[in-house]
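The values are calculated or read from the model by the stated rules, or taken from the named source; none is laboratory data. It should be emphasised that the depicted structure is a prediction, and the values quoted were computed from it without experimental measurement. Here the Cβ positions follow ideal geometry from the backbone for every residue, glycine too, while neighbour counts run over all protein chains shown.
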Amino acid sequence: MNEVVDIGVNLTHRAFRKHWRNVVQRAIDAGVTKLVLTGTSIQGSEECLGLCQTWFEETGAKNLYATVGVHPHDAKTWNDEQSYTQMKKMLSHPLAVAVGECGLDFNRNFSTPEDQIHAFREQVKLAVELNMPLFVHEREAHNELVKVLDEAGAGPLPPIVVHCFTGTKVEAMEYIQRGYYIGFTGTICKKERGAPLREMLPSIPLERVMVETDAPFMGFKKGRKSSEPADCIEVARKLAETVDMTFSTVCEKTTTNAVDLFQIKA
């Protein structure tokens, strides 16, 4: 069976709360054998790690991993005296694999740009200190995000993935030139909304691409409003079709990319 890693799953979302084990099992049965759960707040990151630990204790299998971070929407909750220390402690968990979801979102501005930049800067600092990958969110803030990363200092940046990418080809190519990875969701399967992304995909080296669902968001299959991690197989299938490569090649390469970035076992 062809296998993939879904690098972005919101498994703590209320849509999955009552049946999250079934959601995970359906993903595994479909060939999505590793799921990276996205922490978007201090409490949310704790919950993600809790699910990872519970699954491991119940099954003995390392199918679930987690990121630890504060999403730009929640940047206003960042507390200089507590957040950094709390995140650092959580990131010592053996199933924690990246700092994030962090970054900048100037599309909705649920937190002020100033609060977002400050929280992001602190999380970049933490990633550098721990030499852990950065799991980045960016919406309509490309230039500002790059500026924060360029000004990080204190040592070389760790590996970076810009997840759930919906930007322009120019922005994508700059990320690639900087050595970042890019995560693509089921948006590439959407006829109209996905067209700009499908157009740029052949220009992006597969060595820099990962697949994800951002479930339950970014729904795309059979008219269903929400997505599941099992759908990540369909993202890989559409990617293969778009770049004119075999499905098995895309599965193998994107899995290798995820394993290398997050340092998880294939």
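Of Val243, Val235, Val259, which residue is in contact with a Leu (Cβ under 9 Å, 6 or more places away or on another chain) and modelled with pLDDT of 95 or more? Quick ask: steps written out before the conclusion?
Working: Val235 fails: in contact with a Leu (Cβ under 9 Å, 6 or more places away or on another chain); Val259 fails: in contact with a Leu (Cβ under 9 Å, 6 or more places away or on another chain).
Val243 is the lone residue from the list that is in contact with a Leu (Cβ under 9 Å, 6 or more places away or on another chain) and modelled with pLDDT of 95 or more.
Inspect segment 53-68 for any residue being among the small types (Gly, Ala, Ser), in contact with a helix residue (DSSP H, G or I) (Cβ under 6 Å, 6 or more places away or on another chain) and farther than 14 Å from Ser227 by Cα and give the result as yes or no. Spell out the reasoning first.
Applying the first criterion (among the small types (Gly, Ala, Ser)) to segment 53-68 yields 60-61, 66.
Retained after the next criterion (residues that are in contact with a helix residue (DSSP H, G or I) (Cβ under 6 Å, 6 or more places away or on another chain)): 66.
Keeping just the survivors that are farther than 14 Å from Ser227 by Cα gives 66.
The answer is yes; a qualifying residue exists.
Inspect segment 68-89 for any residue being surrounded by fewer than 18 Cβ atoms within 10 Å (Cβ to Cβ), free of Cβ contacts under 8 Å to residues at least 24 places away in the same chain, over 18 Å from the mean Cα position of the chain (by Cα) and within 30 Å of Cys251 (Cα to Cα) and give the result as yes or no. No; the residues of segment 68-89 include none that is surrounded by fewer than 18 Cβ atoms within 10 Å (Cβ to Cβ), free of Cβ contacts under 8 Å to residues at least 24 places away in the same chain, over 18 Å from the mean Cα position of the chain (by Cα) and within 30 Å of Cys251 (Cα to Cα).
Residues that are farther than 26 Å from Val209 by Cβ and β-branched (Val, Ile, Thr): find the helices (runs of 4 or more DSSP H) completely inside segment 1-100 holding 3 or more of those. Break it down into steps so the answer makes sense when it comes.
Values: elements: 20-30, 42-59, 83-90.
Fully inside segment 1-100 and qualifying: 42-59.
Condition check for Glu129 on (1) surrounded by fewer than 20 Cβ atoms within 10 Å (Cβ to Cβ); (2) within 19 Å of the chain's Cα centre (by Cα); (3) not in a loop (DSSP other than H, G, I, E, B): one failure, at (2). Of all residues in segment 101-115, which are more than 13 Å from Ile42 (Cβ to Cβ), crowded, with 23+ Cβ neighbours inside 10 Å and not aliphatic (A, V, I, L, M)? If the condition is that a residue be more than 13 Å from Ile42 (Cβ to Cβ), crowded, with 23+ Cβ neighbours inside 10 Å and not aliphatic (A, V, I, L, M), then Gly103 is the only one that fits. Of note, Lys265 satisfies the criterion of being closer than 23 Å to Ile160 by Cα, among the charged types (D, E, K, R) and modelled with pLDDT under 95. Quick check on Thr168: is it free of Cβ contacts under 8 Å to residues at least 60 places away in the same chain, over 30 Å from Glu129 (Cβ atoms), crowded, with 19+ Cβ neighbours inside 10 Å and polar (S, T, N, Q)? No; evaluated as a whole, the condition is false for this residue.
Without any contact (Cβ under 8 Å) to a residue 60 or more places away in the chain, closer than 15 Å to Ile7 by Cβ, among the hydrophobic types (A, V, I, L, M, F, W, C) and in contact with a Phe, Trp or Tyr (Cβ under 7 Å, 6 or more places away or on another chain), is that true of Ile188? Taking the combined requirement at face value, the residue does not satisfy it.
Would you tally the residues in segment 133-149 being surrounded by 23 or more Cβ atoms within 10 Å (Cβ to Cβ) and either among the aliphatic types (A, V, I, L, M) or over 16 Å from the mean Cα position of the chain (by Cα) (or both)? First the steps, then the outcome.
Start the filter on segment 133-149 by keeping residues that are surrounded by 23 or more Cβ atoms within 10 Å (Cβ to Cβ), which leaves 134-138, 141, 145.
Then drop every residue that is not either among the aliphatic types (A, V, I, L, M) or over 16 Å from the mean Cα position of the chain (by Cα) (or both), which leaves 134, 136, 141, 145.
Residues that pass the stated criteria total 4.
Within segment 134-156, no residue satisfies the criterion of being among the basic types (Lys, Arg), in contact with a strand residue (DSSP E or B) (Cβ under 8 Å, 6 or more places away or on another chain) and in a helix (DSSP H, G or I). Do we have Ala15 as in contact (Cβ under 8 Å) with a residue 12 or more places away in the chain and touching a Ser or Thr at 6+ places or on another chain (Cβ under 6 Å) here? Here the answer is yes, as Ala15 does meet what is asked.
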